[in-house]
Amino acid sequence: MKLLVSFVLFLLSSLSLFSLDDWDYADIREYLVSVSENSDVEFLMDRIEYYANRPINLKFSNTNQLIRIPGIDRKLANSLITYADECSVFSFRFIRDSLKLSKGLFKIVRNCTYYDTLSFDKQNNLFKQRISSEIPFNTSHGFENKSFVGDKYSYKQKTELEIDNFKFVFLSSKSEGESSYLDFYSAAINYNRSTIDVIIGDFTVKSAYSNIFGESFSSNKGTNIINPISDFSNQISINKSSLDYLFFRGIAISKQIELNKGSNIELFGFASNINRSASIEDAKVVSLYKTGLFRTATEINKKDKLNEKSISFMSSLNTRNSFLGFSFLYLNYSKELNTKSSNVFSGKTGMLKSIFASYNSGNLSFYSEFSMDANNNIAFRTGTNYSFDFIEFAIQYREYSKDFKSPFAQNFGEQSVAANEKGIYTGIEIKSFKNLLVSSYIDIYKSISRTYQIELPISGLDLLFLIQYQLNDRTSLTFKFRNEVRTDAIRDSINMLQILYDKNKVQARFQFDYQFSSKLRISQKYEYCFVDFQGNKSNANGNLIKTELSYKLFNTLRISTDYTLFNTDTYESAIWVLESNMPGEYRSPAYYGKGNKLAVVLSINVFDFSNIYFIYYYTYKNKVRSIGSGLDEIKSNKINSINLQFEWNL
């Protein structure tokens, strides 16, 4: 016992505390949401915290190191390195003003990098653990009819340990209705030193424009207009996501071979052996099961039914201004995949391959990736962005063959998968005044053949217009307008044929953020949605008002409230909002119908190295007898739950 106590005291004394400032955390989170509106923001925040704990010295960094930090693309990385090389007196404020960085992006750069003329790394040892659980007060239909095999409680934990050049991560989770608290688990150990990086366990892979390899947080169309064009890099990282169909399990190695200052060859390779969940009929896979839920006997019967072995190699030549490389992925499945799904591999074995390149010359950048699946169907993305004075312009063309099947790709566009689509995306950002950003994009797209729901090819035009104004360090205003015209269909009740028409969806949001003091912060949002069905259905409206208030009562106690009032005619005019009331918790509910939702959050800081979060959720819907559907249906118009989270940072 004495030995155990001595070891714990030694561990506490040898590890140093790290945490982002509360307001920095909030601003960075808001920025990352704008970069990747529909993605796993928790993954991005984890990476931000990693580099805040181990910041990169700009004086001795290279482009490939900096682009691992979320939000920093190749162009910004090159600008930071150039400034660090040429400046006589270093200033983060000068970087912010000269590059016109947004508040969130500036705080990423300030927290995750530093400048020192001595060649050494800031590196803190770290132990971090986060355990959370949700306790629902309502009973869903899956428990009432005894379909669910487990209890009502959900659970999630993540443990990270960093000592010198080693890092260990272990994740586990259980959803409501599942029986085991290790229903999902993921673990890996990482060794990183200078030019070599080794991961044993679970890892994710990203390559170039994500035609072959994409992570769950790849950039998509959002309020950060230029980022989707310049999000172009090769990375292998420890898995920190509970999305069990996007990571690999095995060993991954990356190695940098330095050629001269600013130039290197980077080699990546991995071997993986993992079981995927699937539906099997007649010894063939008819569909992959990707919900991650194993609550019923039917769902459990799909778990880990398909073995997947894979080998991959990537290589790239990197200079200060250019990036040229290739990748391949060989897949071998234990059973033949015979499914019409566009994001599922076809057959039993095969190889996917890709070549990619980028070039940056001052204000002008080019990016391109050409890929082929195992049946030689193609995917192609190419883009360029150009900046001068206060304007930055970007354009990108994408084309995915009708039958392109890349199981780990991430699509940029309208379809849910990287297949059956052509499109041209054009974006512009205007920073004519110091605190004002005006930006817009137009995305024109069409499918090559029919889609899953519509029996003929579709087309559409998506327009977004955005104004962001930072009045001062405490006050910001945001206005967003989005209009999308897209092919839709209704079925003729007489001959049952589909009749196509252009559905027009208009969305507008106004947001006001104000920090009264170092203790009090408020955010107010109003969002409107209108859907015009061109006379084929009744038009639909939606309105939402959200008020978020956060107040630090003491240095150790913070109370926050998040109140949402919504009123929408149908699910078609539902308003989706990404919400985060504590670290590691991200929800994206669809507000539809009429009602309100309240979240009350208590955050308690204990002993400077631990935090306790308590959240009470209350949702009320008018004039309905139940909420949800299927096994998740709750026979009430009120939902109550409590979330508890414990966090240690040592």
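The values are calculated or read from the model by the stated rules, or taken from the named source; none is laboratory data. In this text the structure is predicted, and so the values were computed from the model without any measurement. Glycine gets a Cβ as well: all are built from the backbone with ideal geometry, and neighbour counts include every protein chain shown. Note: areas computed on protein heavy atoms with side chains; ligands, DNA, RNA excluded. Shrake-Rupley method; radii C 1.70, N 1.55, O 1.52, S 1.80 Å.
Given a Förster radius of 51 Å and the C-beta distance between Gln524 and Tyr245 as r, what FRET efficiency does 1/(1 + (r/R0)^6) yield to the nearest 0.05?
Computed FRET efficiency for Gln524 and Tyr245 comes out at 0.85.
If the convex hull of the alpha-carbon atoms of the range 480-639 is projected onto planes in all directions, what is the mean projected area in square nanometres?
Convex hull of Cα atoms, orientation-averaged projection: 12.5 nm².
From the phi angles alone, apply the Karplus equation (6.51, -1.76, 1.60; θ = phi - 60°) to the range 573-579 and give each ³J(HN,Hα) in whole Hz, x where the residue is Gly or Pro.
Once rounded to whole Hz, the list reads 9, 4, 10, 9, 9, 7, 10.
Among Lys290/Lys422; Lys158/Lys240; Lys158/Lys519, which pairs are too far apart, with a Cα-Cα distance over 18 Å? Intermediate results must be reported in sequence, preceding the final value.
Details: Lys290/Lys422 26 Å; Lys158/Lys240 8 Å; Lys158/Lys519 29 Å.
Where the Cα-Cα span goes over 18 Å, the pairs concerned are Lys290/Lys422; Lys158/Lys519.
Which whole-Hz couplings ³J(HN,Hα) result when phi for each residue of the range 380-390 is put into the Karplus expression 6.51 cos²θ - 1.76 cosθ + 1.60, θ = phi - 60°, listed in order with x for Gly and Pro?
For the range 380-390, the Karplus curve yields 9, 9, 9, x, 9, 9, 9, 10, 8, 6, 10 Hz.
Do any of Lys302/Lys348; Lys597/Lys623; Lys156/Lys635; Lys546/Lys621 go past 23 Å between their Cα atoms, and which?
Table pairs above 23 Å Cα-Cα are Lys156/Lys635.
How many angstrom lie between the C-alpha centres of the range 440-512 and the range 187-207?
39
Can you pull the accessible area of Tyr153 for me, 1.4 Å probe, Å² to the nearest 10?
Counting only protein heavy atoms, the figure is 100 Å².
State the Cα centre-to-centre distance between the range 545-591 and the range 284-330 in whole Å.
Taking the Cα centre of the range 284-330 as reference, the centre of the range 545-591 is 33 Å away.
Leaving out ligands, DNA and RNA, and with a 1.4 Å probe, what % of the accessible surface on the range 303-445 is carbon or sulfur?
58
Asn275 to Ser88: FRET efficiency via 1/(1 + (r/R0)^6), r the Cβ-Cβ distance, R0 51 Å, to the nearest 0.05?
E between Asn275 and Ser88, to the nearest 0.05, is 0.35.
I need the phi-derived Karplus couplings for the range 193-207: 6.51 cos²θ - 1.76 cosθ + 1.60, θ = phi - 60°, integer Hz, Gly and Pro marked x.
Couplings: 8, 6, 9, 10, 9, 10, 10, 10, x, 9, 8, 10, 9, 10, 9 Hz.
Straight distance only, please: which aspartates and glutamates reach the Cα of Lys594 with their own Cα at less than 16 Å, same-chain residues fewer than 8 apart left out?
Straight-line reach from Lys594, under 16 Å: Glu527, Asp569, Glu572.
Give me the dipole magnitude in Debye, nearest 20, for the range 376-480 about the Cα centre, with unit charges on the beta carbon: positive for Lys and Arg, negative for Asp and Glu.
Roughly 100 debye, rounded to the nearest 20.
Find which of Tyr613, Ala52, Asn495 sits farthest along the positive direction of the dipole of the chain, computed with +1 on the beta-carbon of Lys and Arg, -1 on that of Asp and Glu, about the Cα centre.
Farthest along the dipole direction, towards plus: Tyr613.
Out of the total accessible area of the range 487-631 (probe 1.4 Å, heavy atoms of protein only), what percent is carbon and sulfur? Provide the component values of the computation, followed by the final result.
Numbers: 4300 of 7410 Å².
Carbon-and-sulfur percentage of accessible area, whole number: 58.
Show the residues, 5+ positions off or on another chain, whose built amide H is closer than 5 Å to the amide H of Glu336.
Under 5 Å from the amide H of Glu336 lie the amide H atoms of Val285, each far enough along the sequence or on another chain.
If the cut-off is a Cα-Cα distance under 14 Å, which aspartates and glutamates reach Lys255, setting aside same-chain residues fewer than 8 apart in sequence?
Within the straight-line limit of under 14 Å, Lys255 reaches these aspartates and glutamates: Asp197, Glu266.
Pull up the cross-link candidates among the lysines for Lys261, meaning alpha carbon to alpha carbon under 26 Å and not fewer than 8 places away within one chain.
Lys59, Lys75, Lys122, Lys206
Under a Cβ-only charge scheme (Lys and Arg +1, Asp and Glu -1), can you give me the dipole magnitude of the range 96-206 about the Cα centre, in debye to the nearest 20?
Details: 16 positive and 14 negative charges, 107 e Å.
Roughly 520 debye for the range 96-206.
Taking every alpha carbon pair in the range 346-432, what does the distance histogram look like in 10 angstrom bins from 0, in percent?
16, 40, 27, 13, 3, 0
Kirkwood-based Rg over Rh for the range 208-357 (C-alpha set), two decimals?
Across the range 208-357, the Cα-based Rg/Rh ratio is 1.02.
Taking the radius of gyration and the Kirkwood hydrodynamic radius from Cα positions alone, what is the Rg/Rh ratio for the chain, to two decimal places? Provide the component values of the computation, followed by the final result.
Details: Rg = 24.8 Å, Rh = 26.4 Å.
Ratio of gyration radius to Kirkwood radius: 0.94.
With labels modelled as points extended 7 Å from the Cα through the Cβ direction, what inter-label distance (nm, one decimal) is found for Arg491 paired with Ser361?
Going by the 7 Å Cα→Cβ label model, 5.6 nm.
So between Ala187 and Ile448, what do we pick up on full extension, going 0.36 nm a residue minus the alpha carbon distance?
Working it through step by step, the gained length comes to 89.9 nm.
Under a plain spin-label model, where a point goes 7 Å from the Cα along Cα-to-Cβ, how far apart in nm are Leu317 and Leu565?
Once both label points are built, they end up 6.3 nm from each other.
Could you give the dipole magnitude of the chain about its Cα centre, charging the beta-carbon of Lys and Arg +1 and that of Asp and Glu -1, in debye to the nearest 20? Numbers along the way, then the final one.
Values: 75 positive and 68 negative charges, 82 e Å.
Charge dipole, the chain, about its Cα centre: 400 debye, nearest 20.
Mind grabbing the accessible area of Tyr551 for me, 1.4 Å probe, Å², rounded to tens?
So the heavy atoms of Tyr551 present about 80 Å² to solvent.
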